[in-house]
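Down below is the structure, laid out as structure tokens.
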Amino acid sequence: MTYDLIVVGGGPAGMMAAGTAANRGKKVLLIEKNAQVGKKILITGKGRCNLTNDCQVEDIIDNFPNTGKFLYSSLYSFSNWQLRDFFKQLGVETKVERGNRVFPVSDSARDIVEALKNFMESAGVEIKLNTAIQEIITEDKKVVGVRSRDGEVYSANNVLVAVGGKAYPTTGSSGDGYGMAKSLGHNLIKAKPSLVPLKVKEEWFKELQGLNLKNITVSLVIDGKKKKEEFGEMLFTHFGVSGPIILTLSRDVLDYLGKHQIKLAINLKPALSYEQLDNRLQRDFEKYSRKQFKNSLIDLLPSKIIPVIVNLLSIPEDKFVHQITTEEREEIISLLTNLEMTIIGTMGFRQAIVTSGGIDTDEINPSTMESKIIDSLYFAGEVIDVDAYTGGYNLQGAFSMGYVVGNNIY
């Protein structure tokens, strides 16, 4: 049997492409090396699945910092609003949360996976699990099929490679697609872990393990120059820092690791101006004037971070509050608004949400996702050099690319 389309990889791009093509009457086979499809979707958004973002399409494009323009055609062919309507028709209602992030109302990523499975099965997609593909077979620069690792050959007029990148290898994302693409003449942009927790040099962060800070700003400072700032939430861990704004900043950290001094500067009180924070300190110091300094910040800061702040200052912890000078108060304000950490690395692919890098977009037709090197070979999803910040943009990109493939095979 020769299939109209063989999809290698049962992630968001692969499932969308398979169901879309089958709905057009195409004979489709989806091959997945795991025992289930959608394994990575199940862990996105902490199991809740942040499937897209409720913003303008242009804003989604802007959130793909290097290759957003490549996705222009895909995102306008199948937008975030169309995606939400698609799932609504499959019985999955969605909701919008902080940062315009879109989740299923049920808060269950499994509902998204089940809906996609039902979409494929009702369209007539044949699904083959526990099967790893070794090679894309071509003749005269055109796809003719695929060969599995156990030697089985499957014939096809078109093949889509949608096997993901290298992030979260426990879900099966081990970079298989890179080897397939390279063997057929495609150029690869070096893969790096992105949206990834960061390692910190200083030792004091270990005392803050488990502390979650909200409504703060963190600035990325490269060689002493501020490059970017994010407002929101972060988390201290046993190795360094994580949380939404850290993951977003990590996308830019990748460009400087190993070549520059990288610091993150936390402003614990971004809502207050210097004068407002100084007035607040003076009120607290008046309230606790007879206490030692180490006991005077309980109204201002989370209790867990107070000993760290006190130790980083030159003020003796047992100094009485009424003895603190104007200069010492200025030192406190400076630290509260500019608590610096030195970044020395990332937690790698095992904890990265997405992969930065992959198959060069210059060698893919953005209107169809077809290879410019091999006829009838398509790529979609994280295997390509397209990655975005956090907020549902990466999944939207994958769904849109998959939709375009499903609509363009012949």
Within the range 124-135, can one find any residue that is without any contact (Cβ under 8 Å) to a residue 24 or more places away in the chain, surrounded by 16 or more Cβ atoms within 10 Å (Cβ to Cβ), under 24 Å from G10 (Cβ atoms) and over 26 Å from the mean Cα position of the chain (by Cα)?
no
List every residue pair whose Cβ atoms lie under 9 Å apart, where the two residues are 6 or more positions apart in sequence or sit on different chains, the first residue falls within the range 89-109 and is in contact (Cβ under 8 Å) with a residue 12 or more places away in the chain, and the second residue, located anywhere, is polar (S, T, N, Q) and open to solvent by 60 Å² or more (accessible area, probe 1.4 Å).
L90/N118; G91/N118; V92/S106; E93/S106
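Which one of S334, S400 is surrounded by fewer than 21 Cβ atoms within 10 Å (Cβ to Cβ), at pLDDT 95 or above and either touching a helix residue (DSSP H, G or I) at 6+ places or on another chain (Cβ under 8 Å) or outside any strand (DSSP E or B) (or both)? Spell out the reasoning first.
On the way: S400 fails: surrounded by fewer than 21 Cβ atoms within 10 Å (Cβ to Cβ).
None of the other options fit; the residue is S334.
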Criterion violated by T131 - all others in (1) outside any loop (DSSP other than H, G, I, E, B); (2) at pLDDT 95 or above satisfied
(1)
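Given the criterion under 22 Å from D62 (Cα atoms) and among the charged types (D, E, K, R), identify the matching residue among K214, K227.
Numbers: K214 fails: under 22 Å from D62 (Cα atoms).
One residue alone meets the criteria, K227.
Might you check whether a residue that is among the aliphatic types (A, V, I, L, M), assigned to a helix (DSSP H, G or I) and either crowded, with 16+ Cβ neighbours inside 10 Å or modelled with pLDDT of 95 or more (or both) occurs anywhere in the range 349-360?
no
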Taking strands (runs of 3 or more DSSP E) that do not extend beyond the range 152-223, which have at least 3 residues that are crowded, with 20+ Cβ neighbours inside 10 Å, at pLDDT 95 or above and in contact with a Pro (Cβ under 9 Å, 6 or more places away or on another chain)?
none
Which condition from (1) in contact with a Gly (Cβ under 7 Å, 6 or more places away or on another chain); (2) at pLDDT 95 or above; (3) under 19 Å from T390 (Cβ atoms) is the one that I266 breaks?
(1)
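Any residue at all in the range 227-243 that is over 32 Å from the mean Cα position of the chain (by Cα), open to solvent by less than 10 Å² (accessible area, probe 1.4 Å), on the phi < 0 side of the Ramachandran plot and modelled with pLDDT of 95 or more?
In the first step, residues of the range 227-243 are kept if they are over 32 Å from the mean Cα position of the chain (by Cα); the result is none.
No, the conditions are met nowhere in the range 227-243.
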Can you report the number of residues in the range 362-372 which are more than 19 Å from F78 (Cα to Cα) and in contact with a strand residue (DSSP E or B) (Cβ under 9 Å, 6 or more places away or on another chain)?
3
Kindly indicate which of G25, G19, G10, G14 is in a loop (DSSP other than H, G, I, E, B) and open to solvent by less than 10 Å² (accessible area, probe 1.4 Å).
G10
Can you name the residue in the range 299-322 that is among the β-branched types (V, I, T) and under 39 Å from the mean Cα position of the chain (by Cα) and, of all such residues, is farthest from G210 (Cα to Cα)?
V310
Going by what's in this entry, would T248 be described as polar (S, T, N, Q) and open to solvent by less than 20 Å² (accessible area, probe 1.4 Å)?
yes
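The values are calculated or read from the model by the stated rules, or taken from the named source; none is laboratory data. Note that this is a predicted model, so its numbers are computed, not measured. In this analysis, Cβ positions are derived from the backbone assuming ideal geometry, glycine residues included, and neighbour counts consider all displayed protein chains. Ligands, DNA and RNA are stripped out before the accessible areas are found, and what is left, the full protein with its side chains, is counted by its heavy atoms. Shrake-Rupley method; radii C 1.70, N 1.55, O 1.52, S 1.80 Å.
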